[in-house]
Amino acid sequence: MIPEERAFPADFVWGTATAAYQIEGAAHEDGRSESIWDRFAAIPGKVRNGETGLIADDHYHRYASDIALLRDLGVGVYRFSVAWPRILPDGRGAVNERGLDFYDRLVDELLRAGIEPYVTLYHWDLPQVLEDAGGWPNRDTTEAFTDYAGVVARRLGDRVKNWITHNEPWCASWLGYGWGVHAPGRTNPADALAAAHHLLLSHGQAVPVIRGEVPGARVGITLNLEHKYPATNRPEDVAAARLEDGVSNRWFLDPIFLGTYPDDVAESFAGWAELPDVRDGDLETISAPIDFLGINNYSRAVVKADPKGMPARVRQDESEYTSMGWEVAPDGLHDLLLRVHHDYRPAALYVTENGAAFEDVRTHDGAVNDPERQAFLERYIGAVGRAAADGAPIKGYFVWSFLDNFEWAEGYAKRFGLVYVDYPTLQRIPKKSYYWYRQFIARQPGHPQAEAVA
Ligand code: IFM
């Protein structure tokens, strides 16, 4: 089944996404310095099986053949991130030209393949030297990020027009500074809130810098958002779902689009976590108009109140779950896109990540048959089509991920790729879902092959 293809306009873009630390490897090459993920992954017990991004998919050396695979897939766009420690090994100051050269080559190769780059500046690999100086809870890191954004924009901006400042500030702040399950591994809620504020502030500071460097730039930010449904109509469950939505969705959406932090959520933090130091002008900076919002979405949450009235997720026994333990719930993406459209009116929306990890295996003939992933993508893309038909201004969709890769604390155990990576040999094997996505894209209006295959 090809989902609701007529719902997508001819200028809708189809792509895939990756992130530097998850695929590049070459951790010690060409002047790259240590990142917080190098440091964190080296600590026994932090990452499953003690795995690290030292080699990852070796994309740093294999980018040209990887881009050939992207070209054969037929995507019009590709989202990747730049590794800050390659560009500014000291976090700020001296620029490492060899680091920039890599992204120059990558961008040129993409453009040669007819693929438009979408560049994320920060996908979690903070230079360790900046963490040593306080990391994201330290306000100075916002200035360092703004300088870094300017350096990258200046170098790539003649060819790269689509810029994403940050990937998933909720994860970078809460998983990294609040829960300690991601780098740098701190477990302090006040640090998490300070980090979140500074990530948002640095986003707002970087927007005009990127625009200043890049004629015709389109600048946005990517949030991980998830629709929250109360498990029942009981007022306590409704309130719990609202709070859950507040902590993970509104705490980021409100400052960006409304220039405020949500009071109800701030109240719920009081007495438990020190609120961030929000200075005059910060919210104005954070709410600088942007050209698009990127949404990463994988699931939904059904929420009830626990005995203390706090939000607790309720497992849906009738639903399918991916190997991450995430419920497959495409309607959640449909509802989320419409909700964001109605409540925040972003100029444009992109689904900058959506996909699934399943237990992929190679069969005796060497192929990787992944019908669950194909079914997942069909259903989610169908939901995006319905949201577009219902009026949400959705302009593009990126599958997470192009390649199997380093899934953070899960190491290499979770495979999200359209392309299987055989880690011992680093061989790439397109999965069945790759061929399905290729055929799907080729049938879309506006695609050169659409007429031929219609
Ligand atoms: O792999 C991650 C990615 O880095 C950020 N978004 C979610 C993906 C799957 O967990």
Here, region 345-454 modelled as identical Cα point scatterers in vacuum has Debye log10 I(q)/I(0) at q = 0.10 Å⁻¹ of -0.35
Distance in Å, no decimals, from the C-alpha centre of region 254-291 to the one of region 196-235 is 12
Ranking His61, His182, His166 from most to least accessible area with a 1.4 Å probe gives His61, His182, His166
Along principal axes, largest first, the alpha-carbon spread of region 278-437 in whole Å comes out as 60, 42, 36
Quick calc, Leu338 & Leu258: beta-carbon distance into FRET formula, R0 22 Å, rounding 0.05, result 0.80
Relative contact order of region 131-245 (C-alpha contacts under 8 Å, at least 6 apart) in percent is 31
For the pair Asp422 and Thr187, the simple spin-label estimate (label points 7 Å beyond Cα toward Cβ) gives in nm 4.1
Distance in Å, no decimals, from the C-alpha centre of region 317-339 to the one of region 155-169 is 29
With a Förster distance of 41 angstrom and the Cβ-Cβ distance between Ala375 and Asp101, calculated FRET efficiency to the nearest 0.05 equals 0.50
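Could you order Trp174, Trp272 by accessible surface area, starting with the largest, using a probe radius of 1.4 Å?
Largest accessible area first, the residues go Trp272, Trp174.
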One would report the Cα pair-distance distribution of region 128-221, bin width 5 Å, in %, as 3, 15, 23, 21, 15, 12, 7, 3, 0
PRE zone check, label point 7 Å out along Cα-to-Cβ of Ser323, amide N under 15 Å, scope region 32-53, hits 48-49
In whole percent, the fraction of accessible protein surface over the chain that belongs to carbon or sulfur atoms, probe radius 1.4 Å, stands at 50
With region 1-146 reduced to its Cα atoms and the Debye formula applied, log10 I(q)/I(0) at q = 0.19 1/Å amounts to -1.13
As a percent rounded to 5, the proportion of antiparallel DSSP bridges among beta bridges in the chain is 20
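On a full-extension model of 0.36 nm per residue, what is the gain between Arg234 and Arg154, subtracting their alpha-carbon distance, rounded to one decimal in nm?
Details: separation 80, 0.36 × 80 = 28.80 nm, distance 5.36 nm.
Going from the current span to full extension adds 23.4 nm.
How much length would be gained if the chain were fully extended between Ala270 and Ala42, taking 0.36 nm per residue of separation minus their Cα-Cα distance, in nm to one decimal?
Separation in residues times 0.36 nm, less the Cα-Cα distance, equals 78.6 nm.
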Residue-normalised 222 nm signal for the chain, counting each DSSP H run of n ≥ 4 as -39,500 (n - 2.57), nearest 500 deg cm²/dmol, is -11000 deg cm²/dmol
Across the chain, qualifying lysine pairs (alpha carbons under 24 Å, at least 8 places apart or different chains) come out at 7
If the chain between Arg279 and Gln316 were fully extended at 0.36 nm per residue, the gain over the current Cα-Cα distance would be 9.1 nm
Ignoring ligands and nucleic acids, Leu88 exposes an accessible area, probe 1.4 Å, in Å² to the nearest 10, of 0
Restricting to Cα pairs under 8 Å and 6 or more apart, the percent relative contact order of region 199-336 works out to 33
Taking alpha-carbon centroids only, region 40-111 lies from region 376-448 a number of Å equal to 19
Karplus-derived 3J(HN,Hα) from phi for region 131-137 (6.51 cos²θ - 1.76 cosθ + 1.60, θ = phi - 60°), whole Hz, x at Gly and Pro, runs 5, 4, 8, x, x, 5, x
Per residue, accessible area of region 347-454 with a 1.4 Å probe, heavy atoms of protein chains only, in Å², comes to 36
Cα-Cα pairs in the chain separated by more than 30 Å, as a whole percent of all pairs, come to 41
Highest mean packing first, using Cβ neighbours within 10 angstrom, the peptides 389-402, 189-202, 256-269 sort as 189-202, 389-402, 256-269
Length-normalised contact order of region 96-199, Cα under 8 Å, at least 6 apart, in percent, tallies to 30
Applied in sequence order to region 176-181, the curve 6.51 cos²θ - 1.76 cosθ + 1.60 (Karplus, θ = phi - 60°) yields integer Hz couplings, x standing for Gly and Pro, of x, 10, x, 9, x, 8
From most to least accessible, 1.4 Å probe, no ligand or DNA/RNA atoms counted, Thr187, Thr18 line up as Thr187, Thr18
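The values are calculated or read from the model by the stated rules, or taken from the named source; none is laboratory data. For clarity, every value in this text was computed on a predicted model and none was experimentally measured. Every residue, glycine among them, receives a Cβ derived from its backbone with ideal geometry; neighbour counts consider all protein chains shown. Remember, those area values only see protein heavy atoms, side chains included, never the ligands or the DNA or RNA. Shrake-Rupley method; radii C 1.70, N 1.55, O 1.52, S 1.80 Å.
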